[in-house]
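Novice: Okay, handing you the structure first.
The values are calculated or read from the model by the stated rules, or taken from the named source; none is laboratory data. The model shown is predicted, which means the values in this text are computed figures rather than measured ones. Heads up, the Cβs are rebuilt from the backbone with ideal geometry, glycines too, and the neighbour counts pull from every protein chain shown. Note: areas computed on protein heavy atoms with side chains; ligands, DNA, RNA excluded. Shrake-Rupley method; radii C 1.70, N 1.55, O 1.52, S 1.80 Å.
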Amino acid sequence: MPANERDDEAALLALFADLRAAEPLPPADFLARVLADAETEADLRDRLAATPEVWRPATARPRRSASLARRLREGLAGWGAAAGGLVSAASVGLWLGASGLATGLPGVGSGMALVPGADSAAQEFDPFGGLDSMTYALLEPEAAE
Amino acid sequence: MVMALDTHGEVSDDALLLAYAAGDRAAARELTLRCAPVALRVAQRMLRDPAEAEDVAQEAMLRLWRIAPEWRPGEAKISTWLYRVTSNLCTDRLRRAGRGMPLEAIDEPADDRPAAVAGMIEADRAEALRQALADLPDRQRQAVVLRHLEGLANPEIAAIMDVGVEAVESLTARGKRALVRALAGRREELGYEDD
């Protein structure tokens, strides 16, 4: 390190020492404010401790882990929901299968044409069957002429 | 309640804080006398504005009172926690203020009587260093204040700043170089040629 840099660093260290030595005492009113804060916080905690738990704000309540009974109950409910889902899926499958059979039965409407296996009913469906001649002309002008 | 003693036979900061959390108001008084001057000193060295420094130190101490019931003794030193909170609050203030210097923080024009000259040079030295510190980047200023003005060891500064010891060494070295550059042209003006 060059001599002038050493001098500069020495001067800086001397400045640090000056500043450390010139440390002022903290003002009394500042210390009084800090102590007053401590008292206020302690009073608040005392009041909170004396307040029945039901009246405390939600954020002040300690979090608790779920009890064993609750976890068991929730676990069983989860399995119940899963089982219910399986039953529902099986029901839909049965319904779809039965629908395919049902389209061949007398008295079954054209709505069943949407069910797979009901091709014959779909072929009979005429989308223009209910249109009047004016609407038909709009759709196929050349044919109307 | 039996309070833990530190290596000097005094009641430890940890024990005092636990006593305060348990309702001992005298413990709060003792902690105030021990910790509030430290918080205020750090804030004054980082902020320059005395009123703002008091605000920050009071806020840091308020956070200490609030954290008292959850304090886990032995996990961290209260002084380390306080240095960290205070210096972070200072950094927040400086960032919000855009490093502007309030008018009331500027000294009155100095008295030019011979008896006042020595004092003026002393004050000028301190003010020059404060000005140069204020111009440092936040992390460098924090490291330099903790190392050279608070006299803390690098491992403790690393814990306060949440960085490694090598990073502290680097920040301190860069900060010192920047201060040397800033003050290099003022050595004669500040009276160091006569030392």
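Novice: Output the number of the condition that B:ALA27 fails; it satisfies all remaining conditions of (1) more than 10 Å from chain A (Cβ to nearest Cβ); (2) over 19 Å from B:ARG84 (Cβ atoms); (3) open to solvent by less than 40 Å² (accessible area, probe 1.4 Å).
Specialist: (1)
Novice: Follow-up question, since we're still on this one. Output the residues belonging to the stretch A:41-53 that are among the hydrophobic types (A, V, I, L, M, F, W, C) and within 7 Å of chain B (Cβ to nearest Cβ).
Specialist: The one that is among the hydrophobic types (A, V, I, L, M, F, W, C) and within 7 Å of chain B (Cβ to nearest Cβ): A:ALA42.
Novice: Just wondering, is there one or more residues in the stretch B:56-75 that are closer than 23 Å to B:LEU129 by Cα and open to solvent by less than 50 Å² (accessible area, probe 1.4 Å)?
Specialist: Scanning the stretch B:56-75 turns up at least one residue that is closer than 23 Å to B:LEU129 by Cα and open to solvent by less than 50 Å² (accessible area, probe 1.4 Å).
Matching residues to (1) at pLDDT 95 or above; (2) over 11 Å from the mean Cα position of the chain (by Cα); (3) within 24 Å of B:VAL145 (Cβ to Cβ); (4) of a type in the set (D, E, K, R):
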residue: B:CYS35; (1), (2), (3), (4): yes, yes, yes, no
residue: B:ALA39; (1), (2), (3), (4): yes, no, yes, no
residue: B:ARG45; (1), (2), (3), (4): no, no, yes, yes
residue: B:GLU70; (1), (2), (3), (4): no, yes, no, yes
residue: B:PRO73; (1), (2), (3), (4): no, yes, no, no
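Novice: Separate question: B:ASP49 versus (1) open to solvent by 30 Å² or more (accessible area, probe 1.4 Å); (2) farther than 26 Å from A:LEU44 by Cα; (3) touching a residue at least 40 places away in the same chain (Cβ under 8 Å): which is the lone unmet condition?
Specialist: (1)
Novice: Of the conditions (1) open to solvent by 60 Å² or more (accessible area, probe 1.4 Å); (2) within 12 Å of chain B (Cβ to nearest Cβ); (3) modelled with pLDDT of 80 or more, A:PRO62 fails just one. Which one is it?
Specialist: Every condition holds for A:PRO62 apart from (3).
Novice: Is it fair to say A:ALA38 is more than 7 Å from chain B (Cβ to nearest Cβ) and of a type in the set (Gly, Ala, Ser)?
Specialist: The answer is no for A:ALA38.
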